[in-house]
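Peer 1: Below: one structure in structure tokens.
The values are calculated or read from the model by the stated rules, or taken from the named source; none is laboratory data. These numbers were taken from a predicted model, which means no experiment stands behind them. Note that we place each Cβ from the backbone using ideal geometry, even for glycine, and neighbour counts take in every protein chain shown.
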């Protein structure tokens, strides 16, 4: 497998490229950096792995046993070894990674005031200190957006006014709670002239999450668009 390379944009201080998983896991976010990328080239045929899967649901989680049971060529077996090893790395940190074979994600209605599905630029959030690890092995990878080129949807006056009409009350504490409960405050629009960047295939990422006291803003990102007739996406996330 030859993954696409990740090249930070000129002056793009939000992303730091690291040289190992140990550096990926132990580097602290700060100085504006809210995304770490262990850029790597992986051996193996990951498309062969997804070609052997028979899941009928839109999103199917894969365990180590089901991966080992696949009848694969040496290249496919090398891909499985990497998929299992990457999960073991995360489990050693006390995390619970999930490897998903994704045909498509649920999508909001086209007329939604603020789409809150994963195809929309968004930030992950938590109530305690944490972050998100992810790696795309097949098909298009996740896409990031630097914070300076993003605007929260609820900060657009016309969008906020439409949400306020839907809420049916005053723009106060109850309305802010309404926005938070529906995750409207976590979704973003790209500003004119923005240059989103791809996470690339095979690269291991750790991105900042919005939580109380975070030293950096959260990493804004989205899932790639689903292309009809293309193989499913293989994604590791924790």
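Peer 1: Answer yes or no: is there a residue in region 66-73 that is assigned to a strand (DSSP E or B) and more than 30 Å from residue 217 (Cβ to Cβ). Lay out the reasoning, then the answer.
Peer 2: Narrowing region 66-73 to residues assigned to a strand (DSSP E or B): none.
Looking for residues that are assigned to a strand (DSSP E or B) and more than 30 Å from residue 217 (Cβ to Cβ), one finds none in region 66-73, hence no.
Peer 1: Something else: Please indicate, with yes or no, whether at least one residue in region 53-67 is free of Cβ contacts under 8 Å to residues at least 60 places away in the same chain, closer than 21 Å to residue 138 by Cα and surrounded by 17 or more Cβ atoms within 10 Å (Cβ to Cβ).
Peer 2: yes
Peer 1: So for region 90-104 (the condition being modelled with pLDDT of 95 or more, closer than 17 Å to residue 207 by Cα and assigned to a helix (DSSP H, G or I)), does at least one residue qualify?
Peer 2: Within region 90-104, one or more residues are modelled with pLDDT of 95 or more, closer than 17 Å to residue 207 by Cα and assigned to a helix (DSSP H, G or I).
Peer 1: Right, another one. Name the strands (runs of 3 or more DSSP E) wholly within region 125-238 that hold at least 1 residues that are without any contact (Cβ under 8 Å) to a residue 40 or more places away in the chain and either within 24 Å of residue 97 (Cα to Cα) or under 21 Å from the mean Cα position of the chain (by Cα) (or both)?
Peer 2: On the way: elements: 131-136, 143-145, 150-152, 188-190, 204-208, 220-222, 233-237.
Correct list: 150-152.
Peer 1: Suppose we filter region 81-105 for residues that are more than 15 Å from the chain's Cα centre (by Cα) and in contact (Cβ under 8 Å) with a residue 40 or more places away in the chain; how many remain? Give the steps one after another, and end with the answer.
Peer 2: Here is the first cut: in region 81-105, the ones more than 15 Å from the chain's Cα centre (by Cα) are 81-96, 103.
Next, from what is left, pick out any that are in contact (Cβ under 8 Å) with a residue 40 or more places away in the chain: 82-83, 86-87, 89-90, 93, 95-96, 103.
Selection size over region 81-105: 10.
Peer 1: Then there's this: Mind listing whichever residues of region 42-65 are assigned to a helix (DSSP H, G or I), under 21 Å from residue 200 (Cβ atoms) and over 22 Å from the mean Cα position of the chain (by Cα)? It would help to see each step written out before you state the result.
Peer 2: Residues of region 42-65 that are assigned to a helix (DSSP H, G or I), as a first pass: 46-51, 64-65.
Next, only the ones that are under 21 Å from residue 200 (Cβ atoms) stay: 46-50.
Within region 42-65, just 48 meets the criteria.
Yes/no matrix, rows are residues, columns are (1) part of a strand (DSSP E or B); (2) at pLDDT 95 or above; (3) within 11 Å of residue 205 (Cβ to Cβ):
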residue	(1), (2), (3)
5	no, no, no
8	no, no, no
11	no, no, no
17	yes, no, yes
25	no, yes, no
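Peer 1: Of the conditions (1) closer than 17 Å to residue 147 by Cβ; (2) surrounded by 17 or more Cβ atoms within 10 Å (Cβ to Cβ); (3) touching a helix residue (DSSP H, G or I) at 6+ places or on another chain (Cβ under 8 Å), residue 221 satisfies every one except a single condition; which number is it?
Peer 2: (3)
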